[in-house]
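Down below is the structure, laid out as C-alpha cells.
Bear in mind that the values in this text are calculations on the coordinates, not laboratory data. Bear in mind the structure is a predicted one, so any value in this text is a computation, not a measurement. Neighbour counts run over all protein chains shown; Cβ positions are idealised from the backbone, glycine included.
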Amino acid sequence: MGELKLQQSMLDGRFVIRDCLGRGSYSEVYVADDRGALNGAPRTVVIKALNTHLRGVPDPELERTLIENFRNEAVALDRVRHPNIISRLGHGTAIDLQGRTFHYLVLEYLPGGDLQALVLRRPLPLDDALFYLGQVCAGLAYAHQHGVIHRDIKPQNLLLTADQRTLKIADFGVAKIEATEGAITRVGTEVYAAPEHHPLATTGPLDTTSLTRRVAQLTPAADIYSLAKTTYMLLTGESPRRFSQRTVTSLPEEFADAVWSRYVLRVLERATQTNPERRYQSVEEFWRDIRDATMAQTRPLHRGDGGGENPGGGSMNPGELSNDPGVSAGPRRGLATPPPPAPTFDRVARGAGDSARHRIVVPVSRANSTPAFAADEGRDFPAPQARDAYPAEAHTEAYAYPVSAEPRLSSRAKRWLVALLLLLAFSGMLFATYRYVNNLRHAPVGQPQSNAPDNGAALVGHEFAPTTDVNLRSGPDTSYPKVGLAERDSRLKVLKVNGKWYQVQVLEHGRTKDDPDSSDQGWANSNNLKAVQ
C-alpha cells in the first residue's frame with residue numbers, strides 16, 4: 001500500500017503535521033506542532049505512525065506482532081517517566097488523507113540526533129563520553145527499578161535534545177515489561193544484544209530448545225551487557241562489531257597508552273561475560289566502577305576552581321544516580337510529566353465501517369477556518385480536556401482532508417474517465433492472456449510452466465528472488481524470531497531446504513538495508529520466492 005499521506009494536515013484537531021523525519025521497515029516518524037498544548041507543555045512533538053503495509057501486505061502473524069510491539073512500547077514508556085527517557089504524550093488510531101487506517105504514538109521531540117551520529121562525526125573527549133554515559137545509566141537504572149528491561153540499548157536509541165546536553169533513551173518496542181514473564185524471546189541488535197536474547201544465538205533449524213528454555217529469567221544484566229558495548233563505542237569511537245556475541249577483551253591500539261585503558265577494559269570485560277550471573281547485576285554497580293576507573297582523568301585531587309564540573313558547565317557529581325524521576329545523572333530538565341491514558345491498539349479492520357471508528361486527519365486549511373481555532377498567532381489553545389495535556393481517549397473520529405481545495409471533475413468528465421479506465425483494464429487483460437498462451441506454445445517440452453521453486457536437495461546452491469519483502473527467521477517456521485529482511489528483487493542463494501522453508505544467504509539486497517546490523521542469512525518461506533533464470 002505504500003507510505004502514509006500526512007504532510008500538511010491536522011491530526012486529532014490539534015497536531016499540525018509538518019514533515020516526515022524518516023521511515024523504518026514498518027513505521028513512519030513525523031514532526032508536528034501541537035496547537036492544543038497547555039502552558040509549559042511541548043509545542044513541537046513527534047508522531048510515530050505504525051504502517052503495517054509499508055512494505056506490502058504482511059501475513060497476519062507479522063501484523064499481530066507489529067501491533068503488539070507498538071502497544072508494548074507505549075506501556076513501557078508509561079512505567080518509566082524519567083528525564084533521561086523519552087516521554088509518550090498520547091496515542092490514537094486514525095485514517096490518513098488516502099483513507100488508510102494506522103495507529104500512532106505522540107512522543108517527545110528530540111532534534112539533537114542520536115549518540116551514534118554524534119560519535120561518528122567527532123570522537124568524544126573522555127569527560128563528554130562519561131557525561132552522556134551517566135545520563136544513560138540514570139535512565140536505565142530507573143527503568144530496571146520499575147520492572148522494565150529495554151533489550152535494545154545501543155547508540156542509535158540514545159537521542160539528544162537540541163543543545164545536545166540532555167540524553168534520553170528511546171525505542172522501547174521490544175522491552176520486557178515483567179522480567180519473569182514467559183520464556184525469553186530472542187530480540188535486539190546483533191552487535192549489542194546479550195547472548196541470552198541474541199537474535200542469532202540459535203545455530204540450526206532443529207535447535208528449538210534454545211528458543212524456549214528458561215535461563216532462570218531475564219535480568220538487568222542483559223541491558224548491562226548492551227550498555228557495556230555502547231560504552232565501548234562512546235570511549236573509542238568504533239563499533240564493537242568484532243566482539244559481537246563475544247566478551248570485550250581489548251581496546252583499539254590507539255588507546256593502549258591511556259592511563260585509564262586497562263581499568264576500563266577490566267570493567268567492560270566483566271560486563272560482557274557470556275554468563276549473565278558473572279556480569280554486573282545493577283547499573284549503579286557498573287557506573288560506579290566505570291567512574292572509578294576513569295576518576296584520575298576526570299576528577300583531579302587538586303583544582304583551583306574548587307570542584308569538578310560537567311562538560312555542559314553545570315556542577316555535577318557523575319557518580320550519583322538518583323532514584324527520583326526528576327533527577328538524572330546529567331543536567332536536570334524538570335520533573336517527568338504524568339503519563340497519558342493507557343493505549344489499546346487492535347488489528348486494523350479494513351471495511352466499510354472504518355471511517356466511523358477512527359480519527360481522520362484534518363487539513364490545515366480547513367482547520368484554520370474552524371471557529372475553535374480561528375485565533376491570533378500568539379494565543380494559547382486549550383487542550384481538549386482540562387486535566388490532561390492530551391486527550392483521554394484515542395478512538396473518536398478525526399478525518400483528514402487535503403491541505404488546499406482541489407477542483408472537482410464534472411459528471412461528464414468522470415464518466416469519460418471511468419470508461420477510459422475500463423477500456424485500459426480490458427486491454428491489459430487481453431494482452432496478459434495473449435502472453436500466457438504464447439508462452440505455453442513456445443515452452444520446451446518437459447519444462448515446468450510455473451516459476452514456483454521445486455522441493456528437494458537439488459535446489460541447494462540455486463538463486464532465487466523475493467516477489468515481495470520477506471522476513472528472514474532463525475528457523476523454518478513463523479514461530480522463530482525475525483533476524484533480517486530480504487527486500488523485493490534481492491538475490492538469494494539457497495543453503496538448505498526444509499519443506500516449504502529455504503535457508504538462504506542474501507547475495508545482493510534489492511535496496512539499502514533499513515537496519516545495517518540485521519543478518520543476511522536466515523529462513524524464508526518459498527511461497528514468496530521465484531527462481532532466477
For the stretch 457-531, go through all pairs of different Cα atoms, get the mean of 1/r, take its inverse, and jot down that Kirkwood value in Å.
-> 11.8 Å
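Equivalent ellipsoid semi-axes for the stretch 101-185, as square roots of 5 times the alpha carbon gyration tensor eigenvalues: give them largest first, rounded to whole Å.
Working: eigenvalues 129, 60, 26 Å².
Three semi-axes, in Å: 25, 17, 11.
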Peptide ranges 288-295, 519-526, 21-28 listed from the most packed, as the mean C-beta count within 10 angstrom indicates = 519-526, 288-295, 21-28
Separation between Cα centres of the stretch 497-524 and the stretch 223-267, rounded to whole Å = 30 Å
Cβ crowding within 10 Å averaged over residues, with 431-438, 144-151 ranked highest first | 144-151, 431-438
Per-peptide average of other Cβ atoms within 10 Å, ordering 46-59, 242-255 highest first | 46-59, 242-255
Cα extents of the stretch 20-93 along the principal axes, largest first, in whole Å, come to 44, 27, 21
